[in-house]
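These notes are about the structure you will find just below.
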Amino acid sequence: MDFSELEPREVLNEEAIPEYEHGMDFLYLGQLVPLNANIYIIEQVLEFPFELFVSPEDTIFFRLLVDNFYNSGLLIITRLATDSGEDLYTLLQFKNWVAQQVKDEFKEDFQKHLRQARFDKKTQEMLKKARGLRNTSVAHIKRDFVLGNIEQDRLNFVELKALRDALNFLLQALSLNKERLMLPIQYHPDVVHPAGADSRSDIQRILDNIARDSNMLNLPEKNPHHWAAFRKDLSEENLRMVNKYRAKVGLPEVG
């Protein structure tokens, strides 16, 4: 019997299935899908060329959005992967519980399967940094941190995504051969939309509308002379970005 083709009900003890399914739903839908959605939204905002379409004083909302979604993601990661305590529910504790519920004949196969999702040294170091950040300035604010008596390295966005990937991989391993979409359907790039439907996510539509209503995008039509002068100082990359968003809203390319 090929372990890679077995379903949870075949691998786990029958009496463990209800708790296993409840735990998977909580960790998947209640924790990791929101984490992935937070990071997806941050990515969309960070990729948007605000400097082209928006005055700096009009970006407060999006700066706050990135900070808050970052902090939310950090909290989800640390409480799932770094917290400890008998009364706490974490992804790592759930992993250990699942290992105990595996039928005897599959225990060796399951351990081999799980080794692929083991946190490596680099992941452990990032988790340590994330926990320190959470404990000094996110979930709690330490006096010494405010006074500058201790330094706390900030977990950058690339590292946050790497930790997200590690948790995704572990949850997928615990899913026992059941594939799970880690983003809401509306955000997932592999979802096929009906013909003629707007396939953009809500955050993409919001950002596209900001570009559509901006002075920059409409300048060639509203003030061709001003555009001609402005175009001389516009880099080729910024021109490409302008044309990208003009195409999105149905405007012709400009040169």
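The values are calculated or read from the model by the stated rules, or taken from the named source; none is laboratory data. The model shown is predicted, which means the values in this text are computed figures rather than measured ones. Cβ placement follows ideal geometry from the backbone for every residue including glycine, while neighbour counts extend to all protein chains displayed.
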Note to self: If I filter region 125-153 down to residues being over 15 Å from Ile76 (Cα atoms) and of a type in the set (A, V, I, L, M), which single residue comes out as farthest from the chain's Cα centre (by Cα)?
What the structure shows: Leu147
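What about Leu65, is it surrounded by 12 or more Cβ atoms within 10 Å (Cβ to Cβ), assigned to a helix (DSSP H, G or I) and touching a residue at least 40 places away in the same chain (Cβ under 8 Å)? Walk me through it before giving the result.
Working: surrounded by 12 or more Cβ atoms within 10 Å (Cβ to Cβ): yes; assigned to a helix (DSSP H, G or I): yes; touching a residue at least 40 places away in the same chain (Cβ under 8 Å): no.
Considered against the rule, which asks whether it is surrounded by 12 or more Cβ atoms within 10 Å (Cβ to Cβ), assigned to a helix (DSSP H, G or I) and touching a residue at least 40 places away in the same chain (Cβ under 8 Å), Leu65 comes out as no.
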Next item on the list: Scan Glu253, Glu221 and give me the residue that is among the acidic types (Asp, Glu), modelled with pLDDT of 85 or more, over 26 Å from Val45 (Cα atoms) and not assigned by TED's automatic domain parsing to the domain that holds Ser137.
Entry: Glu221
Check: Going by the structure shown, is Asp198 part of a helix (DSSP H, G or I), touching a Lys or Arg at 6+ places or on another chain (Cβ under 8 Å) and not assigned by TED's automatic domain parsing to the domain that holds Phe119?
Finding: no
Margin query: With the requirement that a residue be acidic (Asp, Glu), at pLDDT 95 or above and either closer than 30 Å to Val242 by Cβ or within 19 Å of the chain's Cα centre (by Cα) (or both), what does region 12-51 give you?
Written below: Asp25, Glu43, Glu47
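Checking the structure you have, find out if any residue of region 199-219 is touching a Pro at 6+ places or on another chain (Cβ under 7 Å) and buried (at least 16 other Cβ atoms within 10 Å of the Cβ).
Within region 199-219, the subset touching a Pro at 6+ places or on another chain (Cβ under 7 Å) is none.
Within region 199-219 (the criterion being touching a Pro at 6+ places or on another chain (Cβ under 7 Å) and buried (at least 16 other Cβ atoms within 10 Å of the Cβ)), the answer is no, since none of the residues qualifies.
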Check: Could you give every pair whose Cβ atoms fall below 8 Å, whose first residue belongs to region 141-165 and is closer than 28 Å to Val33 by Cα, and whose second residue is part of a loop (DSSP other than H, G, I, E, B) and among the aromatic types (Phe, Trp, Tyr), counting only separations of at least 6 or pairs across chains?
Finding: none
Check: Quick one: what pairs do we get from region 89-109, first residue within 30 Å of Leu75 (Cβ to Cβ), second not aliphatic (A, V, I, L, M), C-beta under 6 Å, 6+ apart or different chains?
Finding: Thr90/Asp83; Phe94/Gly23; Gln101/Asn13
Next item on the list: Please specify each residue of region 42-62 satisfying the condition of being within 14 Å of Arg164 (Cβ to Cβ) and either surrounded by fewer than 19 Cβ atoms within 10 Å (Cβ to Cβ) or not assigned by TED's automatic domain parsing to the domain that holds Asp153 (or both).
Entry: Glu43
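Name the residues in region 232-255 that are part of a helix (DSSP H, G or I) and free of Cβ contacts under 8 Å to residues at least 24 places away in the same chain, would you? Please lay out each step first, then the result.
Here is the first cut: in region 232-255, the ones part of a helix (DSSP H, G or I) are 236-248.
Within region 232-255, Glu236, Glu237, Leu239, Arg240, Asn243, Lys244, Ala247 meet the criteria.
Can you say whether His113 is buried (at least 17 other Cβ atoms within 10 Å of the Cβ) and more than 18 Å from the chain's Cα centre (by Cα), as far as the supplied structure shows? Quick ask: steps written out before the conclusion?
Working: buried (at least 17 other Cβ atoms within 10 Å of the Cβ): yes; more than 18 Å from the chain's Cα centre (by Cα): yes.
So His113 passes the test.
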